[in-house]
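Quick notes on the structure that follows.
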Amino acid sequence: MARSKIFGSFAAAVADIPDGSTIAFAGFAYPGVPFNLIRALLDQGAKGLTCITNGTGGAGADRMPDIGMLVEAGQVAKVVAAFTAPTRASDRIPLTRYVDEGKIEAELVPQGTLAERLRAAGAGIPAFYTPTAVGTELAAGRETRVFGGREYLLEHAMPVDVAFLRAWKADSFGNLLFRRSQRNFNPIMAMAARLVIVEVEEDFLQPGEIDPDEVHTPGIFVQRMVKIPPAPEGLWPARRAERGAKA
Amino acid sequence: MSGSNGLARQQIADRVAQEFQDGWIVNLGVGMPTMCSNTPIDTDIIYHSENGVIGYGPVLPAGQEDLHLVNAGGQNVSLKPGAAVVHHADSFAIIRSGRIDVTVLGIYEAACNGDFANWKVAGAKGGGIGGAMDLAACAKNVFVILEHTTRDGKPRLLKECALPVTARGRVSLVATNLGLFKPLGDRFLLREIAPGVTVDQIRAATGAPIEVPADLKTIQTL
């Protein structure tokens, strides 16, 4: 019988992640962010990490664990993201100072290109052409090709060592369901990674309890799962009113 | 500068929303563009969000938010009947394959050659692109919204962008507090003017030639 994919703690699930790993962090705004796994990685202390993420967070006062905290803890060598500056020019994010001082390399990637580079990695496709970013600073000096009279930019697949996900439901095989916009980067980061670690919101289901037609990410992509305990031990996003934060 | 400051932010968004046609799939950028969804229009619009939500509705009041559901601006929206959710790669497949009828983007600068800039400010090392480059390159229509001048009064409608561009030659409509403009290559066509604003005022506040039609219309505010 195969070894169980269910781990008893977040610490145990991330214990052997080596220095220098490339890790993809799912999530868009709060939904689908693996807060508990990020906190465990902060405690675990792996260094020289390359972090693949939509954004690094940290603009708001009421912070949940984010990539910006890994940056501040000195664990990050490189960030690949669709935002390496704040969304609003008036905001400040922790990453900025480290990039300005040359301590961290930041690769800025359009969000759709980020998603497709992950998807390509998970699909065994080494590279693709996209119309996105043609004619911009990001395309300077890079390979383009004309198809049907339109210019496209060559982009390479982005395989990752580890993916951190947050799912709504899972069975013990690792078949995953996401709820609403929680899905975002989760399924494509799972497919792009060779080690997929998932924090799961609901109690684990028995095999067969998730209808095969409804599975979002098949269990063959998932290696480790941890059930998120109730707050305050486990991290759960709160409603705005409960956070007492500005919108 | 004499004359009115023109439209308030919601009024600019209202005028843009009136350009949406029945059945359009619309993607609204963060900031002023999200205000387009507040406009009471009688066209059937499907709102698409970069995080894979197709068919979202109004923002839910405090206490009623679904914490699993946000739009691209991080707002806790609702779902309309018939909504669907896809993952991020499929969401951008929808964008890249040209299925978005219009994207409305908040920007820093627009040029009369159809270029615009909205991802990097002067002197910054980093930038915030999000989905803007994908949307700008691939949506059927690209509408942009901005205040006509910077806080210190410098023009933001220019002959050529000074800031790094997001996409080249893709803008079809520019909406500001002073008016509604169409880039025509070497000049902007003033399609409509905001109430109380003068053409001279617009010319003085713009870094590119302005063509004024003989039958210049005034923007009807809601």
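The values are calculated or read from the model by the stated rules, or taken from the named source; none is laboratory data. Please read all numbers here as calculations on a predicted model, not as lab measurements. Neighbour counts are summed over all protein chains in view; Cβ atoms, including those assigned to glycine, are modelled from backbone coordinates with ideal geometry.
Okay, here's what the table says:
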| item | result |
| --- | --- |
| Any hit, the range B:32-45, residues being surrounded by fewer than 20 Cβ atoms within 10 Å (Cβ to Cβ), touching a residue at least 60 places away in the same chain (Cβ under 8 Å), among the aliphatic types (A, V, I, L, M) and closer than 30 Å to B:Asp152 by Cβ | no |
| Filter result (of a type in the set (Gly, Ala, Ser) and in a loop (DSSP other than H, G, I, E, B)) within the range A:104-117 | none |
| Verdict on B:Ala62 being within 12 Å of chain A (Cβ to nearest Cβ) and more than 26 Å from A:Ala167 (Cβ to Cβ) | yes |
| Which listed residue, of A:Asp203, A:Asp213, is in a loop (DSSP other than H, G, I, E, B) and among the charged types (D, E, K, R) | A:Asp203 |
| Of all residues in the range A:172-193 being more than 9 Å from every other protein chain (Cβ to nearest Cβ) and over 14 Å from the mean Cα position of the chain (by Cα), the one that is surrounded by the most Cβ atoms within 10 Å (Cβ to Cβ) | A:Leu176 |
| Hits in the range A:100-159 - residues which are out of contact with any helix residue (DSSP H, G or I) (no Cβ under 9 Å at 6 or more places or on another chain) and of a type in the set (Lys, Arg) | A:Arg142, A:Arg145, A:Arg150 |
| Search result, residues across the range A:68-97 that are at the interface with chain B (Cβ under 10 Å from one of its Cβ atoms) and either over 15 Å from A:Ile23 (Cβ atoms) or out of contact with any strand residue (DSSP E or B) (no Cβ under 8 Å at 6 or more places or on another chain) (or both) | A:Ala82, A:Phe83, A:Thr84, A:Ala85, A:Pro86, A:Thr87, A:Arg88, A:Ala89, A:Asp91, A:Ile93, A:Leu95, A:Thr96 |
| Per-region count, the range A:127-154, residues under 27 Å from the mean Cα position of the chain (by Cα) and part of a strand (DSSP E or B) | 7 |
| Residues within the range A:51-103 that are surrounded by 19 or more Cβ atoms within 10 Å (Cβ to Cβ) and in a helix (DSSP H, G or I), tallied | 9 |
| Sole exception among (1) within 25 Å of B:Leu190 (Cα to Cα); (2) facing chain A (nearest Cβ under 10 Å); (3) not basic (Lys, Arg) for B:Cys112, by number | (2) |
| Of residues in the range A:21-36 being surrounded by fewer than 24 Cβ atoms within 10 Å (Cβ to Cβ) and in a loop (DSSP other than H, G, I, E, B), the one farthest from the other protein chains (Cβ to nearest Cβ) | A:Ser21 |
| Inter-residue pairs, beta-carbon under 8 Å, first closer than 30 Å to B:Ala93 by Cα and modelled with pLDDT of 95 or more and in the range B:1-26, second surrounded by fewer than 15 Cβ atoms within 10 Å (Cβ to Cβ) and among the hydrophobic types (A, V, I, L, M, F, W, C), 6+ apart | B:Asp14/B:Leu222 |
| Those strands (runs of 3 or more DSSP E) lying entirely in the range B:72-182 with at least 2 residues of a type outside the set (D, E, K, R), at pLDDT 95 or above and over 19 Å from the mean Cα position of the chain (by Cα) | B:77-85 |
| The range A:197-240 - residue that is β-branched (Val, Ile, Thr), closer than 18 Å to A:Pro65 by Cβ and within 14 Å of chain B (Cβ to nearest Cβ) and, of those, farthest from the chain's Cα centre (by Cα) | A:Ile228 |
